[in-house]
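Below is one structure, written out as structure tokens, with a few remarks after it.
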Amino acid sequence: MSEAPNYRPETLAVRAGQERSQFGEHSEALYLTSSFVFKNAAQAARRFSGEEAGNVYARFSNPTVTMFEERLAALEGAEDCVATASGMAAIMATVLAHLRNGDHIVASTGLFGATVQLFSNILARTGITTSFVPQTDPAAWAAAIRPETKLFFLETPSNPLTEIADIRALTAIAHAKGILVAVDNCFCTPVLQQPLELGADLVIHSATKFLDGQGRVLGGAVCGPRKLTEEVFKYLRTAGPTLSAFNAWVLLKGLETLKLRVEAQSGNALRLATWLEAHPKVARVFYPGLPSHPQHDLAKTQQKSGGAIVSFEVRGAREQAWQVVDNCRLLSITANLGDTKTTITHPASTTHSQLTAEEQAGAGVTPDFIRLSIGIEDIEDILWDLSQALEKA
Ligand SMILES: Cc1ncc(COP(=O)(O)O)c(C=O)c1O
């Protein structure tokens, strides 16, 4: 018999990581248990010391969480994955596992609002400082490097402006100085972009978004080589923001349909972005899949498609943007993204409201700006809803 091939992503998404119990269940089991029993005291001692591999306590590991970690690692092409309670917990764990008081981060101005808050307020209190530079200007990243710089942190496409960072170029700059590169791959997922293959050291996920894809649970993950994820694991098992078994089970099921969903969502997004660009009440559309996007050519070299997030500026100010939001009858007014249901958000007054006016301007979050996360509804129905909402604005 011929050897099993290197299974393709579609196969890995439904098969990788599954560990069957003695009951032979077909679907992955949900192990709702906070601790694990040992055969005897000697085994307990071996497990605690790490001499024997195995589960001890769910803050350290749980078989359902392990299945999710292995499946996501397989999809990202990573040696290892460590799951966390949320995307923010994944970012916090990555930084605290690898940096200490006095260290420095270079990150982009266009990061997700809570990430900016985490870096500039919470981590700054621990003596870890951050310089924010434009996402699309590799020279600015190089110029911001200090002797104490330990991490480049990027998110591409950025939230909500969909600016593209050149992963290959930034990785080359960082690696020349021994600096780690972490990429938040939330918007693309491994279906559209594999940052490790492009040279990054670590990939971070808010699994809450496309990996779940149905708006049910919070979760996060850090993927990369074991020598780097090991430090993240050590932080998690002590500090505690681990993924719950229930959430891991939901996310495992989410991964099974990830490709189908993301491809359908991206197809709808391209149709919608093209339509918005021609709409008289729309001043500007931000979508990496459109030739008018400033980094469209770069996006094509590292992403398989433009993704499912489309942002635009309505002609007018906050009032007109709020009118579009309020007049939608099908789209959900909610801050989450990556859902099978299309969502509409006004970032300046919600997800990015904690930023100063200067930070908002740096992130391109103007009062007339709207972010859409496109779902899998029929595109004609999404177009109808936005068409009638724009008419009233
Ligand atoms: C790009 C990006 N990274 C990280 C996060 C944080 O993830 P979580 O809400 O799971 O903590 C979000 C949430 O919206 C996000 O959009």
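The figures follow:
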{"item": "Selected residue (criterion: nearest to the ligand (Cβ to nearest atom)) from residues of region 324-371 that are among the acidic types (Asp, Glu) and touching a strand residue (DSSP E or B) at 6+ places or on another chain (Cβ under 7 Å)", "result": "ASP339"}
{"item": "Residues of region 109-155 satisfying the condition of being part of a loop (DSSP other than H, G, I, E, B), open to solvent by 50 Å² or more (accessible area, probe 1.4 Å) and farther than 20 Å from THR356 by Cα", "result": "THR126, THR136, ASP137, ARG146, PRO147, GLU148"}
{"item": "Residues of region 364-377 classified as of a type in the set (Val, Ile, Thr) and either open to solvent by 20 Å² or more (accessible area, probe 1.4 Å) or on the phi > 0 side of the Ramachandran plot (or both), total", "result": "2"}
{"item": "Residues (open to solvent by less than 40 Å² (accessible area, probe 1.4 Å) and more than 20 Å from the chain's Cα centre (by Cα)) located in region 269-294", "result": "LEU272, ALA273, LEU276, HIS279, VAL282, VAL285, LEU290, HIS293"}
{"item": "Residue list for region 59-108, filter: open to solvent by less than 20 Å² (accessible area, probe 1.4 Å), part of a helix (DSSP H, G or I), within 15 Å of the ligand (Cβ to nearest atom) and touching a helix residue (DSSP H, G or I) at 6+ places or on another chain (Cβ under 7 Å)", "result": "PHE68, LEU72, ILE91, ALA93, THR94, VAL95"}
{"item": "Residues of region 325-344 classified as touching a residue at least 40 places away in the same chain (Cβ under 8 Å) and of a type in the set (A, V, I, L, M), total", "result": "4"}
{"item": "Region 378-393: number of residues that are of a type outside the set (D, E, K, R), open to solvent by less than 30 Å² (accessible area, probe 1.4 Å) and more than 14 Å from ALA321 (Cα to Cα)", "result": "3"}
{"item": "Restricting region 315-348 to residues that are assigned to a loop (DSSP other than H, G, I, E, B) and over 23 Å from VAL217 (Cβ atoms), the residue that is most open to solvent (accessible area, probe 1.4 Å)", "result": "ARG329"}
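The values are calculated or read from the model by the stated rules, or taken from the named source; none is laboratory data. Every value quoted in this text rests on a predicted model; they were computed, and no experiment measured them. Cβ: placed from backbone, ideal geometry, glycine included. Neighbour counts: every protein chain shown. Heavy atoms of the whole protein, side chains included, go into the accessibility calculation; ligands, DNA and RNA do not. Shrake-Rupley method; radii C 1.70, N 1.55, O 1.52, S 1.80 Å.
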